[in-house]
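The values are calculated or read from the model by the stated rules, or taken from the named source; none is laboratory data. These numbers were taken from a predicted model, which means no experiment stands behind them. Cβ: placed from backbone, ideal geometry, glycine included. Neighbour counts: every protein chain shown. Please note that ligands, DNA and RNA were not included when accessible areas were found on the heavy atoms of the full protein model with its side chains. Shrake-Rupley method; radii C 1.70, N 1.55, O 1.52, S 1.80 Å.
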Amino acid sequence: MASKTEKKNNTRSRIVSYVMNNTDTSKVEISKNLNMSMPTVLSNVNELMAGGVLMETGEYASTGGRKAKSIGINPGYRYAMGIRITANHVGMTLVNMRSEIEKTERVRMKFSQEISYCVELASLAKKFLGDMDEPDKLLGIGISIPGIISQEQHLVVKSHALQIENYSLNFLEQAFSCPVCFENDANAAMLAEDINQYQDAIYLSLNNTLGGAFCIDRKLFAGQNRKAGEFGHMILVPGGRKCYCGKKGCADAYCAASALTAGRYETLEQFMEALSYGNSEAEKKWAEYLDHLAVLISNLRMAYDMDIILGGEVGGYLADHMIPLGEKVMEYNGFDCDIRYLKNCTYRKEASAVGAAKHFFYELIRNI
């Protein structure tokens, strides 16, 4: 049987979690939607405001009586840092309690299994955080990695993108002077979204390598061997282009951002700029890309029947191209009468870093 203290902590956790996922709310709404008595809500909200966790954010329009105060999370109560590791870059992001990006930076840095890489990464993070006014408010650093991660064994089981297998994360963790957690990059990107908006959803991570994740009943589904969501290595074109994993015809070879930049463009930004200027070669490549992406989307929709969030670097640009993409998707899918299940991602860049950082906010809320 739960003790009085445990019940109180659970109540506070539910309130903070609700406020975090509802931007600005009121005590009346909390009471109604969490099925809590008003005295319980008043007592806990007042304590949380006194402790600096919650804050007044404004007033609701008057309905004839006293104006109700809207409340929200205090963004500066705590912070967390996210680091996204890729084969050739490191993305660093500082996130506040409202999941807003305070600062972000991307550095070219080739991944290495050497200890020197861990030391250099920790040094970069320290420099990145150097101008924090209150460094003691940093909860920890979440690190996203493109690969299958075993939390129990504390290692990267396999990463084609980084070309490592059974790579211990101990040295990387020990290089930092604060708590560190690790997450697969696509899973982290899924966590960057407000998964309370979705009962079930797929996150399609369209970065230089293609990954994915999905949540069922608002919880990440990892699969029996933590391989769920490896959409990049589903065969899209049998006998087609060679993928970095060694197989031919993988979705990654056709739908990752690298499929657009290969050969001529150094960055996706350069490709999208050429596309915006009407470059015929870029337009042709984009049309082919959308066609292959539409096939992948249609297959995923048929297999899972969920909302599909278009994320990653390419996903950040797709909001401006939903009509041509939707038309292609509808050509391949005769079971849906519209494409309202296609959703645009919240973070155009560094979603994986944000999601990895948010791990510490969830931990804080559970123990608040």
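Quick one: ranking R218, R78 by accessible area, 1.4 Å probe, largest first, what do you get?
R218, R78
Whole-Hz ³J(HN,Hα) for each residue in region 88-104, computed from phi via Karplus 6.51 cos²θ - 1.76 cosθ + 1.60 with θ = phi - 60°, x for glycine and proline: what do you get?
Per-residue couplings from phi come out as 10, 9, 10, x, 10, 9, 9, 10, 9, 5, 8, 6, 8, 7, 7, 6, 8 Hz.
How large is the Kirkwood hydrodynamic radius of region 303-347, counting all unique pairs of alpha carbons, in Å?
11.1 Å is the Kirkwood radius here.
In the full protein assembly as shown, how much of I216 is accessible to a 1.4 Å probe, in Å² to the nearest 10?
For I216, solvent-accessible area is about 70 Å².
Leaving out same-chain residues fewer than 8 places away, which lysines sit with a Cα under 22 Å from that of K7?
Qualifying lysines at Cα under 22 Å: K27, K32.
Using the alpha-carbon atoms, what tilt in degrees (0 to 90, nearest 10) does helix 280-304 show relative to the longest principal axis of the chain?
That works out to roughly 60 degrees.
What is the set of long-range amide H partners of G140 at a cut-off below 5 Å, with H atoms built 1.01 Å from backbone N?
Correct list: M81.
For the chain, give the share of DSSP beta bridges that are antiparallel, in percent and rounded to the nearest 5; count only bridges with both residues there.
About 70 percent, rounded to the nearest 5.
Remind me, relative contact order of the chain in percent, using alpha carbon pairs under 8 angstrom and six or more residues apart?
17 percent
If you plug each phi of region 9-22 into the Karplus form 6.51 cos²θ - 1.76 cosθ + 1.60 with θ = phi - 60°, what whole-Hz ³J(HN,Hα) values come out, in order, with x for Gly and Pro?
After applying 6.51 cos²θ - 1.76 cosθ + 1.60, I find 4, 5, 5, 4, 4, 5, 5, 5, 4, 5, 5, 4, 9, 9 Hz.
Rank these residues by their accessible area, most exposed first, probe 1.4 Å: F111, F171.
F171, F111
Just need the relative contact order of region 121-166 here, percent rounded to a whole number, with Cα pairs under 8 Å and 6+ apart. Numbers along the way, then the final one.
Details: 31 pairs, mean separation 9.6, N = 46.
Over region 121-166, the number comes to 21 percent.
What whole number of Å gives the distance from the Cα centroid of region 229-285 to the Cα centroid of region 329-346?
21 Å
Short version: what are the Cα gyration tensor semi-axes of region 165-250, square root of 5 times each eigenvalue, largest first, in whole Å?
Values for region 165-250, descending: 26, 21, 11 Å.
Take T57, T5, T25 and sort them by solvent-accessible surface of the protein heavy atoms, 1.4 Å probe, largest at the top.
Ranking T57, T5, T25 by accessible area, largest first, yields T5, T57, T25.
Can you work out the Karplus-derived ³J(HN,Hα) for every residue in region 190-203? Use 6.51 cos²θ - 1.76 cosθ + 1.60 with θ = phi - 60°, whole Hz, and x for glycine or proline.
Coupling constants for region 190-203: 4, 5, 5, 6, 7, 5, 6, 6, 10, 6, 9, 7, 9, 10 Hz.
Specify which residue in the list V329, S352, Q270 is farthest towards the positive end of the charge dipole of region 241-368, using unit charges on the beta carbon of Lys, Arg (+1) and Asp, Glu (-1), about the Cα centre.
Going by the charge dipole, the pick is S352.
Once both axes come from the Cα atoms, what is the angle between helix 351-366 and the longest principal axis of the chain, in degrees from 0 to 90, rounded to 10?
With rounding to tens, the tilt is 30 degrees.
Based on a Kirkwood Rh over C-alpha pairs, give the Stokes-Einstein translational diffusion coefficient of region 193-238 at 4 °C and viscosity 1.567 mPa s in µm²/s. It would help to have the intermediate numbers written out before the result.
Details: Rh = 11.5 Å.
The estimated diffusion coefficient comes to 113 µm²/s.
Largest first, please: the extent of the C-alpha atoms of the chain along each principal axis, to the nearest Å.
Here the Cα extents, ordered largest to smallest, are 65, 53, 45 Å.
Using all Cα-Cα distances in region 49-148, what percent lands in each 10 angstrom bin from 0 up to the longest?
13, 36, 23, 14, 9, 4, 1
Quick one: how many Å² of S168 are accessible to a 1.4 Å probe, rounded to 10?
Accessible area of S168: about 50 Å².
Only helical DSSP H runs with n ≥ 4 go in: add -39500 (n - 2.57) per run for the chain, normalise by residue count and round the 222 nm mean residue ellipticity to 500 deg cm²/dmol.
Computed mean residue ellipticity for the chain: -11500 deg cm²/dmol.
Bin by bin, in steps of 10 Å, what percent of the Cα pairs in region 77-235 do you find, going until the bin that has the longest distance?
Histogram of Cα-Cα distances, whole percents per bin: 10, 39, 37, 13, 1.
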